[in-house]
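The values are calculated or read from the model by the stated rules, or taken from the named source; none is laboratory data. On a predicted model such as this, the values are computed, not experimentally measured, just so you know. No Cβ is skipped: glycine too gets one built from the backbone with ideal geometry, and neighbour counts run over all protein chains shown.
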Amino acid sequence: MNASHTINKITGLIILAVLATPVAAQDETLAAGKMVYDKWCGPCHDAGVDHPGTLALSAKYAGVKSPALEEWTDLPPAVTKLFVRNGVSIMPFFRKTEISDAELDELAAYLARNTDVAGKAENPDAACDRDCLAGFIDQYMNAMIAHDPGVLPVTAQVKFTEDTIEMQLGQGLWEKVSKLTDYRMDILDVHNSTAISLTVVEENGIRVMFALRLKIENKLISEAETMVVRSREEGMIFNPDTLQKVSETMVLEPEPALRNTRDEMINIATLYPAGLKTGSFATVDVPFSSGAYRFENGQLMAGPGCTFFPGCEDIKNQRIPTLAGITHKVAAVDGEAGIVLLRMNFGPGATFDGKNTLNVWEAFKVYDNHMHAVEAFMEVLPIGAPSGWD
Ligand code: HEC
């Protein structure tokens, strides 16, 4: 037998070994997960009334399902990870020095062994529906408030930016965020597996505006783009105190007969940057509804009741700058909510100093062939600075 035969034979053995591992590895994972469970969770969650976790869950899920976690058929890994890293009521949270990330993976896999959704979650073809997308925003916000990105289901190559700068998840706002508030406007795009949220959170007790875009691939977060606006200096306009509740216009879900198609929604929304490019919404004939208005960073800047500058009550005919260099990207289209989110860079001419521009997350309420509202979160950015996603 010559050398190349030997190598072929070895290669063959390696291929066999690789093919043989998945099933065995899975059994090993479950066995390892069971050990983690027995050590840390069993004392509170085993079947029987003398276990406080089981007692609490039997009150919570009386008659709905077994109070013993090991018997659950609806416990996806992400849920286990969230509770283990954050704790709940008398259940402590577990540090990585107690349960490592690898052990948590095993534990979560073990508890998900009877869960159908876990199987589906790993199926790349299963789409992330509206609840799933909103759930990712929940998870992101909860992980951030717990200052623990480790609980997030992310891809190996996950990319994260804050204010256009690439960082590690856990840096930036993650370090100092102190509270979530009731202000949260989600834009959920099942078609593009994208979840966007415009929210207000507190950092050291101070209200800051927080914009989030998550791209979900195979039920994992592959992209997290964020913007944090903390002051008038950062936002040019800054009035987060008015952002207590999402406006009724944005919340309203248009009845199906009044919804526009995805393409129609995009066409109507993109008339807005087209108007800014030519310096007139009237010229491009943006189809504003009669009550249409615009909020920027919490400040009413156009529409009924606007007093910010003369003529601003009329959104279509108010004076606007001519932004010849404006660029836009369609970030999400939420057909059910009737909202299009455009990511825009206003280019030169948007600020007075000649050096800066505005980086904008602009939400348009579009249905019944009209634009009913424009609500933007925006931040000052040097002219020409990249978005981090170009
Ligand atoms: C000191 C006791 C204790 C320990 C240890 C403990 N838990 Fe819990 N756990 C509880 C209690 C009590 C609850 C119910 C809290 C409530 O909602 O009131 C709970 C709730 C949960 C829930 C949420 C279920 C639901 O739907 O509300 C999960 C998941 C969970 N525990 C998993 C675990 C895992 C996994 C471990 C081991 C790493 C663990 N727990 C360790 C006491 C404990």
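Points to keep in mind about this one:
- Restricting region 43-58 to residues that are surrounded by fewer than 17 Cβ atoms within 10 Å (Cβ to Cβ) and more than 8 Å from the ligand (Cβ to nearest atom) leaves a set whose member that is nearest to the chain's Cα centre (by Cα) is Asp46.
- Scanning region 78-114 for residues that are among the aliphatic types (A, V, I, L, M), more than 21 Å from Asp138 (Cα to Cα) and either near the ligand (Cβ under 10 Å from one of its atoms) or in contact with a helix residue (DSSP H, G or I) (Cβ under 6 Å, 6 or more places away or on another chain) (or both) returns Ile90, Ile99, Leu107, Ala109, Leu111.
- Test for Ser193: is it of a type in the set (Ser, Thr, Tyr), closer than 21 Å to Pro386 by Cα and in the same structural domain as Leu173 (by TED's automatic domain parsing): no
- Members of region 195-248 found to be over 19 Å from the mean Cα position of the chain (by Cα) and among the hydroxyl-bearing types (Ser, Thr, Tyr), listed by number: Ser231, Thr242, Ser247
- Residue satisfying condition, being free of Cβ contacts under 8 Å to residues at least 12 places away in the same chain, charged (D, E, K, R) and either assigned by TED's automatic domain parsing to the domain that holds Ser290 or touching an Asp or Glu at 6+ places or on another chain (Cβ under 6 Å) (or both), within set Glu362, Glu313, Glu375: Glu313
- Set Gly384, Gly311, Gly338, Gly305: member being surrounded by 20 or more Cβ atoms within 10 Å (Cβ to Cβ), on the phi > 0 side of the Ramachandran plot and not acidic (Asp, Glu): Gly338
- Among the residues examined, Ala108 qualifies as outside any loop (DSSP other than H, G, I, E, B), of a type outside the set (S, T, N, Q) and not assigned by TED's automatic domain parsing to the domain that holds Ile216.
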